[in-house]
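The values are calculated or read from the model by the stated rules, or taken from the named source; none is laboratory data. What you see is a predicted model, and the numbers here were worked out from it, not measured in a lab. Backbone-built Cβ (ideal geometry, glycine too); neighbour counts: all protein chains shown. These accessible areas exclude ligands, DNA and RNA; they are computed on the full protein's heavy atoms, side chains included. Shrake-Rupley method; radii C 1.70, N 1.55, O 1.52, S 1.80 Å.
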Amino acid sequence: MATRAIISRIYRGEVSADIVGRPKLWYSISGLLLVLSIAGLLVQGLNFGVEFKGGSVFTFQAPSASIEQVRGAVADGGAHQTIVQESGDKWRVTTESMSSSEVTEVKQSVTERLGIPGEKVSTQVVGASWGGEIQTKAWQALAVFMVLIIAYLSIAFEWRMAAAAVVALVHDLVITAGVYAWSGFEVTPATLLGFLTILGYSLYDAVVVFDMIKEVTKPLGPTSKTTYSEAANTALASTLVRSLNTSLVAILPVAAILFIGTTLFGAGTLKDLSLALFVGMIVGTYSSLCVATPLLVQLKEREPKYREIRANIARREASAKRQAKTVAKVKATAGVPGGGDDDPGGAAADGGDAPASADEDAKPSVTVRKVVQTGPRQQPRRGTRQQRRGR
């Protein structure tokens, strides 16, 4: 019940987490994820599909065959590098690049060993040049996307917000690529589409948060009682529930495609796209809230305007503390009894030096005088009630 109450309060916006005030925590988590992702890219590498590295693809139906039988049938035809994938009742076998005669031999071996008619085995030969062309166009699309994003955010907001958003986007790309490297999922053209999609999704969250921060921090001035960090954290708290709800609604159908579709229905052609979307949406939501926003706050706090606001607030807080200490000291001093004739046995009990020390302790550090006005009050005559009514 306690956990449910806390979640309910967060959902209603009654409790706000100090996300902006903990940049070291978020940077440490992101740094760890980035290190693991880069290690996966260097050690494991990406498993590029046949569309990128070229090869031959054989697709056929053999419901009663096993993976070893399919691999053996293809290997008997002369293929050496075989990757066997099962998608429902269909088999997809990827091999190295082969000539037309070699493809015919493999096709004949599959029909003989597995008892499949020749017309039921479809073949496809993909050249490496076509995959290289796709890869080049993907990089060009990514570069154009980044340039347009930087230009839009710089015009609509400012360059600091654009820089924070770009850092979050690169953060999402590297981590998603690292997940692909460690999981061994095949990188296909559908994967590239998924990467470009998660960039737009991550950017959407960042723009929503930045727009709210812009509105909340707009009235800040030298006399403000709130720093830029506190105002940004308030804006982030107001959009937190919205971002989480949007992410959850978007992640659920993608998770259904990834986990249910690929395991129960054999939707193998969608798993590459769904994995990129699933990982990218989770990481994108995290980076928009916990990476882009704290980075933006750190960049903005360096501006002279917001440094002055922070200095003024610190100065006012220090002055209030000094006044509170002075008042407390005066009250404490006024409550100490003095050692005179009214103090029976004070001098006898404390010795000769006791009265002097008591008199010194009894002296207040601040002199308080009461001023009482004497004589008639010097105020203008108000006249009678009829004169005030203008009669």
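For the reader, a short list of remarks on this structure follows.
- For the range 82-94, the criterion of a residue being over 25 Å from I260 (Cα atoms) and touching a residue at least 24 places away in the same chain (Cβ under 8 Å) is satisfied by no position.
- Within the range 96-120, the set of residues being open to solvent by less than 60 Å² (accessible area, probe 1.4 Å), among the β-branched types (V, I, T) and part of a helix (DSSP H, G or I) comprises V103, V106, V110, T111.
- The lone exception for T123 - which of (1) at pLDDT 80 or above; (2) in a helix (DSSP H, G or I); (3) open to solvent by 60 Å² or more (accessible area, probe 1.4 Å); (4) among the hydroxyl-bearing types (S, T, Y) it fails: (2)
- Pair list, Cβ < 9 Å and 6+ apart or interchain, from the range 102-127 residues that are in contact (Cβ under 8 Å) with a residue 60 or more places away in the chain to residues that are surrounded by fewer than 13 Cβ atoms within 10 Å (Cβ to Cβ): V125/S99; V125/S100
- The listed residues are L169, L196, L148, and the only one of them that is in contact with a helix residue (DSSP H, G or I) (Cβ under 8 Å, 6 or more places away or on another chain) and open to solvent by 30 Å² or more (accessible area, probe 1.4 Å) turns out to be L196.
- Residue, most open to solvent (accessible area, probe 1.4 Å), within the range 172-193, restricted to residues that are small (G, A, S) and not in a loop (DSSP other than H, G, I, E, B): S183
- Identity of the residue in the range 18-53, aliphatic (A, V, I, L, M) and at pLDDT below 90, that ends up surrounded by the fewest Cβ atoms within 10 Å (Cβ to Cβ): L46
- Residue list for the range 126-145, restricted to those being open to solvent by less than 40 Å² (accessible area, probe 1.4 Å) and either in a loop (DSSP other than H, G, I, E, B) or not aliphatic (A, V, I, L, M) (or both): G127, G131, G132
- Total residues in the range 137-155, condition in contact (Cβ under 8 Å) with a residue 24 or more places away in the chain, under 23 Å from Y286 (Cα atoms) and of a type outside the set (F, W, Y): 3
- Hits in the range 74-85 - residues which are open to solvent by 60 Å² or more (accessible area, probe 1.4 Å) and more than 38 Å from the chain's Cα centre (by Cα): D76, H80, Q81
- Restricting attention to the range 18-46, the residues that are of a type outside the set (V, I, T) and under 20 Å from K300 (Cβ atoms) total 9.
- Residue match in the range 60-73 (condition: open to solvent by 40 Å² or more (accessible area, probe 1.4 Å), in a helix (DSSP H, G or I) and of a type in the set (D, E)): yes
- Checked against (1) at pLDDT below 80; (2) under 30 Å from V174 (Cβ atoms); (3) under 40 Å from the mean Cα position of the chain (by Cα), L142 passes all but condition (1).
Yes/no matrix, rows are residues, columns are (1) within 21 Å of the chain's Cα centre (by Cα); (2) buried (at least 16 other Cβ atoms within 10 Å of the Cβ); (3) farther than 30 Å from E301 by Cα:
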residue: S202; (1), (2), (3): yes, yes, no
residue: D205; (1), (2), (3): yes, yes, no
residue: V216; (1), (2), (3): yes, yes, no
residue: S224; (1), (2), (3): no, yes, no
residue: V241; (1), (2), (3): yes, no, no
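- Count of the range 151-166 residues which are touching a helix residue (DSSP H, G or I) at 6+ places or on another chain (Cβ under 6 Å) and surrounded by fewer than 16 Cβ atoms within 10 Å (Cβ to Cβ): 1
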